[in-house]
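The values are calculated or read from the model by the stated rules, or taken from the named source; none is laboratory data. Treat the numbers as computed from the prediction; the structure is a model and nothing was measured. Cβ coordinates were reconstructed from backbone atoms using ideal geometry, including for glycine residues, and neighbour counts include every protein chain displayed. Just the protein is used for accessible areas: all its heavy atoms, side chains included, with ligands, DNA and RNA removed. Shrake-Rupley method; radii C 1.70, N 1.55, O 1.52, S 1.80 Å.
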Amino acid sequence: MPGMGAWGRHERIPGADRPMAIPQEPNQRWSLDFVADTLVSGRRFRILTLVDDFTRECLGLVVDTSLTGLRVARELDRIAELRNYPCMIVSDNGTEFTSNAILAWSKDHRVEWHYIAPGKPMQNGYVESFNGRMRDELLNESLFFGLDHARAAIADWVEEFKTARPHSSLGYQTVRYAQHGYSQSYAPALFGTGATPLSNQEKIGILLGAAGLSMSIALADFILGKLAKSPDNGTKP
């Protein structure tokens with residue numbers, strides 16, 4: 001049937017019923033997915049997103065009107081030139097990911113490809129979480145006047161996501177800090193348990209820079225209450 005991937009509509013998708021081990025280091029497991037949006041002109045485009053499940057880093061992001069299985073394979077090779085090939089890649093069973101091009105790529109590079117169960121997107125939760133944030137914070141709030149405009153805006157958002165957003169799963173470090181192996185966590189420093197205490201001014205600077213508009217009123221009240229109980233009187237320069 002035209003447009004079908006290498007696996008027929010009624011065939012069992014390999015790997016869908018096998019549990020996945022939690023990654024213990026970078027490059028053990030990558031996750032892939034697509035996000036769709038529309039330009040002001042009404043022309044639709046797609047975004048291929050690729051996330052390292054351990055570091056939460058966005059490894060690649062491709063914006064175009066057409067993204068075939070062969071194009072996905074080429075982008076994976078481009079990223080692997082910089083990072084080496086992963087042990088496993090996780091995706092849904094969309095036609096691009098079940099195509100002959102991807103099956104051949106997986107075999108040639110000895111990368112295990114795990115397909116999540118149909119209708120179970122949260123089995124690919126890391127990239128789904130990333131895509132949900134991008135949708136809520138950027139795509140739903142922006143007008144794109146062309147592909148170049150969309151590419152630039154999305155790249156800027158991803159850079160902020162890497163460098164200015166602490167993640168609880170990374171010990172309240174940013175993706176960039178975790179990527180380079182820094183062990184200093186925002187949370188111990190903020191609440192007085194870190195090896196190098198921060199002044200209240202420094203704490204507020206971290207919070208404003210890292211949380212930004214995502215901070216709720218309840219969270220702000222909680223943080224201010226913690227700061228008010230801190231023995232630091234702001235004497236540290």
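Okay, here's what the table says:
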{"item": "Phi-based couplings in Hz for region 21-33 (Karplus 6.51, -1.76, 1.60; Gly and Pro marked x)", "result": "6, 6, x, 10, 7, x, 6, 6, 8, 10, 10, 10, 6"}
{"item": "Stretch gain in nm, segment Thr38-Ser66, where the contour uses 0.36 nm per residue and the Cα spacing is subtracted", "result": "8.8 nm"}
{"item": "Accessible surface, per residue, of region 41-117 when the full set of protein chains is kept, probe 1.4 Å, Å²", "result": "45 Å²"}
{"item": "Net charge contributed by nearby residues that have their C-beta within less than 15 Å of Ala101 (K/R +1, D/E -1)", "result": "0"}
{"item": "Carbon/sulfur fraction of accessible area - region 45-135, other protein chains in place, 1.4 Å, %", "result": "50 percent"}
{"item": "Region 22-175: C-alpha gyration tensor shape, a/c 1.5 cut-off, then a/b vs b/c", "result": "oblate"}
{"item": "Inter-label distance for Thr95 and Thr163, nm, one decimal - labels placed 7 Å from Cα along Cα-to-Cβ", "result": "4.0 nm"}
{"item": "FRET E, pair Asp148, Arg78, Förster distance 25 Å, beta-carbon r, rounded to 0.05", "result": "0.80"}
